[in-house]
Structure formats: structure tokens, C-alpha cells
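Read the structure below first, then the notes.
Each reported figure results from applying straightforward, stated rules to the coordinates on display, with no laboratory input. These numbers were taken from a predicted model, which means no experiment stands behind them. Virtual Cβ from ideal backbone geometry, glycine too; neighbours counted across all protein chains shown.
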Amino acid sequence: MHLFSKIMKKDSEKNPWTTLSVKEVYDNPWIKITHEEVLTPANTPGIYGKVHFKNTAIGIVPLDESDHTWLVGQYRYTLNDYHWEIPEGGGPLGTDPLDSAKRELLEETGITARSWTKILELHTSNSVTDEHGVAYVARDLSFGESEPEETEDLKVIRVPFSEAVAMVMDGRITDALSMVAIMKVAMMKNGSFD
């Protein structure tokens, strides 16, 4: 084992925080928010607000044989603005993320895929939330009708994958899971990251 790996393993086993109390302040079918009284790593009193997500964030980069992908546009209520993203959604905790990815891709785009590759896992904003995300590349695609949920008013476009990368680079795509998944695929395609 490399020295860096040993240091990282040792440091990752330590929890310098002490939780004194946890109070639930909000709960709905998607999130739970708690207010926590803590002792900080310096052993001083502090507080922490934590948002617990009840779903895994799921993202899919569908790629066809001519190196095109699909993006989904929708108005995001939380941001009060229209955004372009990869097909994505949530999968209940405890459910196989791949099953959720297949469902989300079909719902949002009408696409099914025969080949799936998990490309990453991430935490979206680990200073305030425990949300966990998983992204896949979907290949060997078949096309049908989308089945959006009643809360979704979606526009789906097919673009060259290079355009999706350009949209990340120039700020037209700002969604974290979309950005990371697109750039990871770009690096994998260029052979600079496996």
C-alpha cells in the first residue's frame, strides 16, 4: 500500500465530531432536515444543519453510435430558471441504482439501452447534505415514447457529445451531476481517465 493510501485510510477512520443532540425540523417524502448540536473538532460547541435525501441521485449519459447524446431541458423551481441536464432523477434508497437509471432514461427520453456502464459516484454538497449520486453511460440504444411524471414539463434534444462538453465549459449546463458525468465521459473517451 502506498504511503498516501495509508494516510488516507488512517485519516478516514477518525471522526473528530461529537454529536450532542439531533432534532428533526422538517420531513417530507423526499428530504428530512435535522438541527444538530455538536462539539467541533476543536472541542467547542457548535451547530450543524443536515439535509438527508431519501433518494439516490441518478444520472445517465446516453451515447449513440454517431457520438450523440440526449439532454433534458426543464424549468427548475428551486433555481427559478430553465436548465439543461443529462437525463436524471431519483431512485429510492435501497433500490439498485441501475434499475432507477433504466427507469429514468425511459421516463424522460423514451430511450432504452442494452449496455450500461457505471462511471462515477459522488456527493453533491457534502457540507450540508448526505445526498449520494450515481451516473452511468448507456449505449446500444433503442427508441420509444417518453413517460414523464406529471411534475415534469421536459424538452429533450439530441446533440453531438462535443456540444454537451461545450455546454459544460461555457456555463450553459450548471447541474453538478450533469457536469461531472459529461466531463468524466469526455476524459474516458480521450483515454485520459479510466
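So here's what we get for this one:
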item	result
Among beta bridges that DSSP assigns inside the chain, antiparallel share in %, nearest 5	85
Packing-based order for 109-117, 72-80, using average beta carbon neighbours within 10 Å, highest first	109-117, 72-80
Estimated [θ] at 222 nm from DSSP helical runs (n ≥ 4, -39500 (n - 2.57)) normalised by residues in the chain, nearest 500	-7500 deg cm²/dmol
Fewest-first ranking of Ser162, Ser21, using other Cβ atoms within 10 Å as the exposure measure	Ser21, Ser162
Net +/- balance of residues flanking Lys23 in space, Cβ distance below 13 Å, scoring K and R +1, D and E -1	-2
The chain: equivalent-ellipsoid semi-axes (sqrt of 5 x gyration tensor eigenvalues, Cα, Å)	34, 22, 15
Sorted by Cβ density within 10 Å, fewest first, the residues Lys23, Lys189, Lys102	Lys23, Lys189, Lys102
Proxy reagent accessibility, fewest Cβ within 10 Å first, across Asp99, Asp153	Asp153, Asp99
